[in-house]
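Shown next, in C-alpha cells, is the structure this report addresses.
The values are calculated or read from the model by the stated rules, or taken from the named source; none is laboratory data. A quick note: this is a predicted structure, and the numbers were derived from the prediction, not measured. All Cβ positions, glycine included, derive from the backbone under ideal geometry; neighbour counts span all protein chains shown. Surface accessibility is based on the protein's heavy atoms, side chains included, excluding ligands, DNA and RNA. Shrake-Rupley method; radii C 1.70, N 1.55, O 1.52, S 1.80 Å.
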Amino acid sequence: MAPPKEDKVFLSVIEQHKGIIYKIANSYCHHTEDRKDLIQEIIFQLWRSFDRYNDQYKYSTWLYRIALNVAISFYRKDSKHNNAHELTADIIVVTEEATDMEQLQLLQRFIHELPELDRAIMLLYLEEKSYKEIADILGLTETNIATKINRIKGKLKTKFSTIHT
C-alpha cells in the first residue's frame, strides 16, 4: 500500500483531471453502468501505475495514456458491445435546417463509429492537444498522428456530405 503522502498526491491528481476520465468514459461507453465500470477500471489502473509515473510528462499526458489504453481494452473485451444496437440508438435525422447541436451529435456519432485508436486520436485532437502531445500519449510519431488526423477528417467530411445529399 502507498504511503499516506502518495495517497494524497494521487487523489489530488485524480480530482484535478477527473474531466479527462469522464470524457474518455463517455466516448467509449453509451450505457451508464458500462461508464461506471470503465471509470472504476481507469482509476484502478492509474493507482496501480502511479508509483511508475515519469515526471518527464505532465500528469494529464500520463493520465490520458493510461485511460485511453484501459478504455480501448475495455471496449474490446466488452462482450455486450453491439455496434448495430448502439448505432440504432444514436440515429439522428438531419434536415436542411439542422442545428449546431444536431451537427455536434452527428459528429459524436461518427467519431464513436471510428476504430478505437482513431477515436482516441480525435478525442485528443478535439481537446486541442498538439500533435506532439497526442503522439506522447499514444506512443506514436507526430508524423503518424498528423497523417491519421488528416485521414480521419477526410472520412468524417465524407460521412457529413453523404448525409446532406
For segment 24-62, which residues satisfy the criterion of being over 26 Å from Leu106 (Cβ atoms), open to solvent by 40 Å² or more (accessible area, probe 1.4 Å), part of a helix (DSSP H, G or I) and modelled with pLDDT under 90? Asp51, Arg52
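Across segment 140-165, what is the total count of residues that are in contact (Cβ under 8 Å) with a residue 40 or more places away in the chain and open to solvent by 30 Å² or more (accessible area, probe 1.4 Å)?
As a first pass, look at segment 140-165 and keep what is in contact (Cβ under 8 Å) with a residue 40 or more places away in the chain: 155-156, 159-160, 163-164.
Adding the requirement that they be open to solvent by 30 Å² or more (accessible area, probe 1.4 Å) leaves 155, 159-160, 163-164.
Looking only at that region, the number is 5.
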Going through segment 103-147 one residue at a time, which ones are in contact with a Lys or Arg (Cβ under 7 Å, 6 or more places away or on another chain) and among the β-branched types (Val, Ile, Thr)? Ile111, Ile121, Ile137
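Within segment 42-73, which residues are over 25 Å from Lys5 (Cβ atoms) and in contact with a Phe, Trp or Tyr (Cβ under 7 Å, 6 or more places away or on another chain)?
Kept after step one, since they are over 25 Å from Lys5 (Cβ atoms), are these residues of segment 42-73: 68-73.
Ala71, the sole residue that qualifies.
Given the criterion open to solvent by 50 Å² or more (accessible area, probe 1.4 Å) and either among the aliphatic types (A, V, I, L, M) or at pLDDT 80 or above (or both), identify the matching residue among Ile121, Ile91, Ile111, Ile137.
Details: Ile121 fails: open to solvent by 50 Å² or more (accessible area, probe 1.4 Å); Ile111 fails: open to solvent by 50 Å² or more (accessible area, probe 1.4 Å); Ile137 fails: open to solvent by 50 Å² or more (accessible area, probe 1.4 Å).
On inspection, the qualifying residue turns out to be Ile91.
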